[in-house]
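Take a look at the structure below.
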Amino acid sequence: MSWLDNSIVETKATKDAYEAQQAQDAINQEAIKYLNDTDKFFTRLSETGKAMPEGMAEARSAARERIVV
């Protein structure tokens, strides 16, 4: 048996890809949390016509654009 059997050999590219995915996951979680936290304003707009706070529609759009699946 080789000393490499059952071992994980991590290359720089693998490590970089993993770290990039972790960073994107954090961005996704933050953006999704913001959307969830502001859903009530969108629901209120659609149900009553009362406007969202200024800039919120743009911020929600920006949050959706940051999400990568």
inquiry  = Quick check: net charge around PHE41, other residues with Cβ under 10 Å of its Cβ, Lys/Arg +1 and Asp/Glu -1?
reply    = +2
ask   = Per residue, what accessible area does the chain have, given a 1.4 Å probe and all protein chains present, in Å²?
value = 83 Å²
Apportionment of accessible area to carbon and sulfur, the chain, percent (1.4 Å) = 57 percent
query = Taking the simple approach of a point 7 Å from Cα along Cα-to-Cβ for both ALA51 and ILE32, what is their distance in nm?
reply = 3.2 nm
key: Contact order relative to length of the chain, as percent, for alpha carbon pairs under 8 angstrom and 6 or more apart   = 39 percent
key: GNM top mover of ALA17, ALA59, ALA31 - the chain, alpha-carbon springs below 10 Å   = ALA17
ask   = So, counting K/R as plus one and D/E as minus one, what does the shell of residues with Cβ under 15 Å around ALA31 add up to?
value = -2
remark   = So the angle from the long Cα axis of helix 56-66 to the longest Cα principal axis of the chain, reported in degrees to the nearest 10, equals 20 degrees
inquiry  = Once you place label points 7 Å from the Cα toward the Cβ at PHE42 and ALA17, how far apart are they in nm?
reply    = 3.2 nm
query = Excluding GLU19 itself, what net charge comes from residues whose Cβ is under 15 Å from its Cβ, given Lys and Arg +1 and Asp and Glu -1?
reply = -1
ask   = Could you give P(r) for the chain, binned at 10 Å from zero, as whole percent values over all Cα-Cα pairs?
value = 18, 30, 20, 14, 10, 6, 2, 0
note = Mean-square fluctuation maximum in Gaussian network of the chain, Cα pairs under 10 Å, restricted to GLU58, GLU47, GLU19, hits GLU47
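The values are calculated or read from the model by the stated rules, or taken from the named source; none is laboratory data. What you see is a predicted model; the values in this text were computed from it and never measured. Every residue, glycine among them, receives a Cβ derived from its backbone with ideal geometry; neighbour counts consider all protein chains shown. Protein only, heavy atoms only, side chains kept; ligands, DNA and RNA dropped before computing areas. Shrake-Rupley method; radii C 1.70, N 1.55, O 1.52, S 1.80 Å.
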